[in-house]
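Colleague: Quick one: structure below, then a few questions.
The values are calculated or read from the model by the stated rules, or taken from the named source; none is laboratory data. Remember, it's a predicted structure, so these values are computed and weren't measured experimentally. Quick reminder, even Gly has a Cβ in these numbers, built from the backbone with ideal geometry, and neighbours come from all protein chains shown.
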Amino acid sequence: MTARWEPDVLGDGFERTTLELGPAPDGPVVATLVRHRPEGSDVGGPTRPALLYVHGFNDYFFQRHLAERATAEGYAFHAIDLRRCGRSLREGQVPHFVTELTEHAADLTAAARLLRRETGHERLVVMAHSTGGLTASLWAHSLRRAGVVDALVLNSPWFDLRARWFHRVVSTRVLDLVGPLDPLRVVAEGPSAYSHHLHVDHGGRWEYDLALKPAGGFPVRASWLRAVRRGQARLAQGLRISAPVLVATSAGSGPNRLDNPDLDRQDTVLDVAQIAARAPLLGPDVTLMTVDGGIHDLALSAPQPRAEYLDGSFAWLASA
């Protein structure tokens, strides 16, 4: 079926289409594909490589500047709001909830199929952030043939739980017990200084829908976190991603507190040392890039580290 595109909430130059993924107990499951097509420009043709952006937890696509930069670099930019996230959340559904990350693999496959078969793009690269980086890595590993994805850029991917070894082990075993019995149990919630300070209403640089990306974050559910830990455990065994991978992180991590003087210069969500340690497990062709002064979402950093991240990513893609 041919995709039906309609105007997106981001305004001029942005359109979206719904990917029907099938029924579920909580209602129809969909993903939403957003594309950037400025009026009067030829950015949708198959001669341009397609770029697919994948968001993280408590997130959705709103980064207009990223789309505009990718378009300027010659890419046909697309972004996906995964099932039960952002534009894809339907009434009665729990935001961001899945019991296995492989559920999101179906979303990515549907998007890649549309871009490859209907639009005819010969090259597809994926740019993914945080939990999306873990999901995209597992998906790329699972692909039965090479050539579906030509390169991956992982922006602060969530490769391990930021905690001491004992807590990581014990909490994972508890989740293995609780997750199947009480999947919707809230295991973590509360304010995040990182999430709070991003929005313009709280002194940040960015404006977005706080209903889709709340400053306090969505509650973390037992079965969802169990799915993440299972995905991280699979990564720890080693993946075989055939495409080249760029793993980008901040140069340092720090406490996720408003009184942290480097809140706007550090990854206060993840441990960048953990990411760097696990990056080589992705496959045979992995490049690590560190960005001094970058925050958790490197694309939302202050102007200088943001430019360093974007310049480095697109330069790497040009040579990948």
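Colleague: So, in the stretch 251-276, of the ones that are under 24 Å from Trp139 (Cα atoms) and either touching a residue at least 60 places away in the same chain (Cβ under 8 Å) or under 18 Å from the mean Cα position of the chain (by Cα) (or both), which residue ends up surrounded by the fewest Cβ atoms within 10 Å (Cβ to Cβ)?
Modeller: Initially, the stretch 251-276 is screened for residues under 24 Å from Trp139 (Cα atoms), giving 269-276.
Then keep just the ones that are either touching a residue at least 60 places away in the same chain (Cβ under 8 Å) or under 18 Å from the mean Cα position of the chain (by Cα) (or both); that gives 269-272, 274-276.
On the way: Val269: 21, Leu270: 22, Asp271: 17, Val272: 21, Gln274: 19, Ile275: 24, Ala276: 14.
Here the residue is Ala276.
Colleague: Next up: Does any residue in the stretch 291-320 that is surrounded by 13 or more Cβ atoms within 10 Å (Cβ to Cβ) and at pLDDT below 95 come within less than 6 Å, Cβ to Cβ, of a residue that is not in a helix (DSSP H, G or I) and not hydrophobic (A, V, I, L, M, F, W, C) six or more places away or on a different chain, and which pairs are these?
Modeller: Ala320/Pro244
Colleague: Can you tell which of Leu317, Leu288, Leu270 is part of a strand (DSSP E or B) and either of a type outside the set (Lys, Arg) or under 19 Å from Ala215 (Cα atoms) (or both)?
Modeller: That would be Leu288, the only listed residue that is part of a strand (DSSP E or B) and either of a type outside the set (Lys, Arg) or under 19 Å from Ala215 (Cα atoms) (or both).
Colleague: Here is a follow-up. Quick one: would you say His296 is of a type outside the set (Val, Ile, Thr) and within 16 Å of the chain's Cα centre (by Cα)? Spell out the reasoning first.
Modeller: Details: of a type outside the set (Val, Ile, Thr): yes; within 16 Å of the chain's Cα centre (by Cα): yes.
In short, yes.
Colleague: Looking only at the stretch 34-52, decide whether some residue is small (Gly, Ala, Ser), farther than 17 Å from Val125 by Cα and at pLDDT 95 or above.
Modeller: no
Colleague: Would it be correct to say that Leu138 is crowded, with 19+ Cβ neighbours inside 10 Å, part of a helix (DSSP H, G or I) and over 16 Å from the mean Cα position of the chain (by Cα)?
Modeller: Against the criterion (crowded, with 19+ Cβ neighbours inside 10 Å, part of a helix (DSSP H, G or I) and over 16 Å from the mean Cα position of the chain (by Cα)), Leu138 does not qualify.
Colleague: Please determine whether any residue of the stretch 224-237 is of a type in the set (D, E, K, R) and part of a strand (DSSP E or B).
Modeller: no
Colleague: Further question: Check the stretch 184-197 and report whether any residue there is part of a helix (DSSP H, G or I), modelled with pLDDT of 90 or more and aromatic (Phe, Trp, Tyr).
Modeller: The answer is yes; a qualifying residue exists.
Colleague: Can you find, within the stretch 47-80, the residue that is surrounded by the most Cβ atoms within 10 Å (Cβ to Cβ) among those that are small (Gly, Ala, Ser) and either touching a Lys or Arg at 6+ places or on another chain (Cβ under 6 Å) or at positive phi (or both)?
Modeller: Checked the stretch 47-80; the qualifying residue surrounded by the most Cβ atoms within 10 Å (Cβ to Cβ) is Ala76.
Colleague: To continue, here is another question. Mind listing just one residue for me: the one in the stretch 85-96 that is surrounded by fewer than 24 Cβ atoms within 10 Å (Cβ to Cβ) and either of a type in the set (Lys, Arg) or touching a Pro at 6+ places or on another chain (Cβ under 8 Å) (or both) and, of those, farthest from Lys213 (Cα to Cα)?
Modeller: It comes out as Arg90.
Colleague: Now a separate question. Name the residues in the stretch 103-122 that are surrounded by fewer than 18 Cβ atoms within 10 Å (Cβ to Cβ), of a type outside the set (Ser, Thr, Tyr) and outside any helix (DSSP H, G or I), would you?
Modeller: Residues satisfying the conditions are Gly120, Glu122.
Colleague: May I pose another question? Take the stretch 203-214 and flag every residue that is exposed (fewer than 13 other Cβ atoms within 10 Å of the Cβ) and over 17 Å from Tyr60 (Cα atoms).
Modeller: The answer is Gly203, and nothing else.
Colleague: Same structure, new question: Using the structure shown, decide if Arg257 is in a loop (DSSP other than H, G, I, E, B) and charged (D, E, K, R).
Modeller: In short, yes.
Colleague: Just wondering, is there one or more residues in the stretch 32-39 that are under 17 Å from Thr135 (Cβ atoms), surrounded by 18 or more Cβ atoms within 10 Å (Cβ to Cβ) and in contact (Cβ under 8 Å) with a residue 12 or more places away in the chain?
Modeller: Yes, the stretch 32-39 contains at least one residue that is under 17 Å from Thr135 (Cβ atoms), surrounded by 18 or more Cβ atoms within 10 Å (Cβ to Cβ) and in contact (Cβ under 8 Å) with a residue 12 or more places away in the chain.
Colleague: From the list Asp107, Asp150, Asp176, Asp160, exactly one residue is modelled with pLDDT under 75 and either more than 15 Å from His78 (Cβ to Cβ) or touching a Lys or Arg at 6+ places or on another chain (Cβ under 8 Å) (or both). Which is it?
Modeller: Asp176
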